[in-house]
Amino acid sequence: MRQSSYCYEYPRPAVTADCIIFGFDAGTLKVLLIERGIEPFKGHWAIPGGFLRENESADDCAKRELFEETGLENVFMEQLFSFTEPGRDPRGHVITVAYYALVSLMEYELKAGDDARNAAWFPIDQLPALAFDHDRILSFALNRLRGKIRYQPIGFELLPERFTLPDLQALYEAILQVKIDRRNFRRKINQTGLLIDHNESVTGVPHRGARYYSFDKAKYEQLAQRGFNFEI
């Protein structure tokens with residue numbers, strides 16, 4: 001197919017893809033930040049991301065930057081929102097397509113690279129000052145996560161493959177910032193029919209250990225095609 005020879009005399013803002021990565025550990029919701037190694041905001045903490053290359057989609061850019069700056073790949077990721085306001089970047093008019101990702105901290109090795117001096121997990125309530133308008137983007141992502149976890153089982157992405165019901169309840173409480181009735185929560189979770197009971201309990205604890213479960217993703221996908229309603 002012949003390429004168009006038209007030349008448009010319009011400004012061309014730069015475009016970046018940024019990714020808010022959430023993790024969960026010891027009852028605490030965390031977010032992954034990188035310490036910038038270049039200006040602007042050199043030495044400040046920021047959301048991982050970078051500029052789109054020629055002929056690169058925003059999705060591909062987000063995945064590439066995530067791997068180059070943190071070493072993470074093949075994680076759950078969804079597009080969040082586009083931030084287009086002029087003045088949000090001192091280098092000029094930069095449009096950001098934001099994503100959010102969910103990872104199990106036990107299953108991925110973190111490393112810093114590219115233009116990041118360091119990469120680290122921060123509790124969501126103990127964040128440093130962030131570069132650019134990344135505090136606003138992070139707040140937007142957190143609200144999306146809190147809304148979506150109520151009607152889609154995306155929270156399982158934050159847990160290891162095998163988990164206990166107390167682990168799962170702690171995850172929901174950390175994200176939603178509310179105390180949840182134990183019996184009511186277990187009743188709702190069990191009614192979904194999406195947990196695989198491994199018939200094995202946690203060992204090495206002074207009390208009766210909680211049982212291990214895993215999420216039946218294949219069953220959920222089959223049910224979702226028929227209009228299954230997951231709600232906690």
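Observations, loosely collected:
- When the Cα positions of LEU159, SER201, ILE175 are compared along the charge dipole of the chain, SER201 comes out farthest toward the positive end, with charges on each C-beta of Lys, Arg, Asp and Glu.
- Cα-based shape type of the stretch 112-162, given that a ≥ b ≥ c are square roots of the gyration tensor eigenvalues and the cut on a/c is 1.5: oblate
- A 1.4 Å probe run over the protein chains yields, for the stretch 41-154, 51 Å² of accessible area per residue, whole-number rounding.
- Most fluctuating residue given options ASN190, ASN199, ASN143, as computed from a GNM of the chain linking Cα atoms under 10 Å: ASN199
- Positive end of the dipole of the stretch 53-100 (Cβ unit charges, origin at the Cα centre): among LEU66, MET77, GLY92, the Cα lying farthest that way belongs to GLY92.
- Look at where the Cα atoms of the stretch 5-30 and of the stretch 161-232 average out, and the two centres are 32 Å apart.
- Measuring against 26 Å, Cα to Cα, the residue pairs LYS188/LYS219; LYS179/LYS219; LYS30/LYS179 contain LYS179/LYS219 as the ones spanning a longer distance.
- The chain: DSSP helices with Cα axial extent of at least 15 Å and average Kyte-Doolittle hydropathy no lower than -0.5: 165-176
- Gyration tensor verdict on the stretch 50-155 (Cα atoms; rounded if a/c is under 1.5, prolate if a/b is larger than b/c, oblate otherwise): rounded
- Carbon plus sulfur fraction of accessible area for the stretch 1-90, probe 1.4 Å, in percent: 49 percent
- Option label - Rg and Dmax of the Cα atoms in Å computed here, alternatives (i) 20.3, 75; (ii) 23.1, 80; (iii) 18.8, 59: (i)
- Helical mean residue ellipticity (222 nm; -39500 (n - 2.57) per DSSP H run of 4+; nearest 500) of the chain: -8000 deg cm²/dmol
The values are calculated or read from the model by the stated rules, or taken from the named source; none is laboratory data. All of these numbers come straight from a predicted model, not from anything done at the bench. For neighbour counting, all protein chains shown are included, and Cβ atoms are generated from backbone atoms with ideal geometry for every residue, glycine included. Quick note on the areas: whole protein, heavy atoms, side chains included, nothing else; ligands and nucleic acids left out. Shrake-Rupley method; radii C 1.70, N 1.55, O 1.52, S 1.80 Å.
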